[in-house]
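Written out below as structure tokens is the structure these notes cover.
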Amino acid sequence: MEILDSFHNNNKLNSIEEEDDEDDNYYDEKIAQEILMIFNNSNENWENDDVVVQNVKNWSKLKKISHSTLFKCIKNRSTNKKYACLLGFLYRWGIGTAQDQEKAFRWYKVSAEMGDSLGQNELGSCYDYADGTELGQCYSHGFGVKQDLRKGYYWLCRAAAAGNTMAQSLVADRQQYGMGTFRDIHEAIKWHRKVIQAMEQPEYPKLIWLFQQDL
């Protein structure tokens, strides 16, 4: 009888532990989803990285959730392409972990290769702004990768084709000035037009300037 009672008690204990695990998973998932929403909304509004960092930190302070907890929730979901990109961002700016630009680049690359347009945009920018020297922009900008304008252009095109408006604008710029690709004003105009349509902006300074040239 004692053995049977012990068996029932252990089952109850296991059941309680499983419920606790489910609650923790639900709580962690809610944290991850809210941070991802802040990250995506900030990027859709073309806010610079300093603003995005501050938005994440403000949320963390408001919810009374530590940066380390926030980081853990994102890292545990990094097999998802969108969370992989966000993890790269957290490494890049040292939110909840030590700042590590090489890991940031690695996770941007993981996200990009899985097809996330924001990850592709971030990876393209990494290749664009690094210059491959230990004392140069590669480390001052903190991207941890050698400059390669062609690779940068390739990943920006992937993001632009997926509908990332910021990437479309960057692709247009690179086609306009021949950065990482052949100069093609007509293609630049095509991508600038897509940005106008996405942003519902009838007057777009870059496009007006192009039309003022002798095309």
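Reducing the range 146-175 and the range 56-87 to their Cα centroids gives an inter-centroid distance of 27 Å.
Can you give the FRET efficiency for K72 and D50, using 1/(1 + (r/R0)^6), R0 = 22 Å, r = Cβ-Cβ distance, to the nearest 0.05?
Details: r = 24 Å, r/R0 = 1.09.
Efficiency computed from Cβ-Cβ geometry: 0.40.
Full extension of the chain between D184 and A162 yields a length gain of 5.9 nm, computed as 0.36 nm times the residue separation minus the alpha carbon distance. Stretching K194 away from D23 to a fully extended chain increases their span by 57.1 nm, per 0.36 nm per residue minus the current alpha-carbon distance. By other beta-carbon atoms within 10 Å, ranking W46, W107, W93, W59 with the fewest at the front produces W46, W59, W93, W107.
Can you sort M37, M166, M179 so the residue with the fewest Cβ neighbours within 10 Å comes first?
Numbers: M37 11, M166 21, M179 15.
Lowest to highest Cβ neighbour count: M37, M179, M166.
FYI, it's all coordinate maths here, none of it is from the lab. Here the structure is a predicted model, which means the values were calculated and not measured. Backbone-built Cβ (ideal geometry, glycine too); neighbour counts: all protein chains shown.
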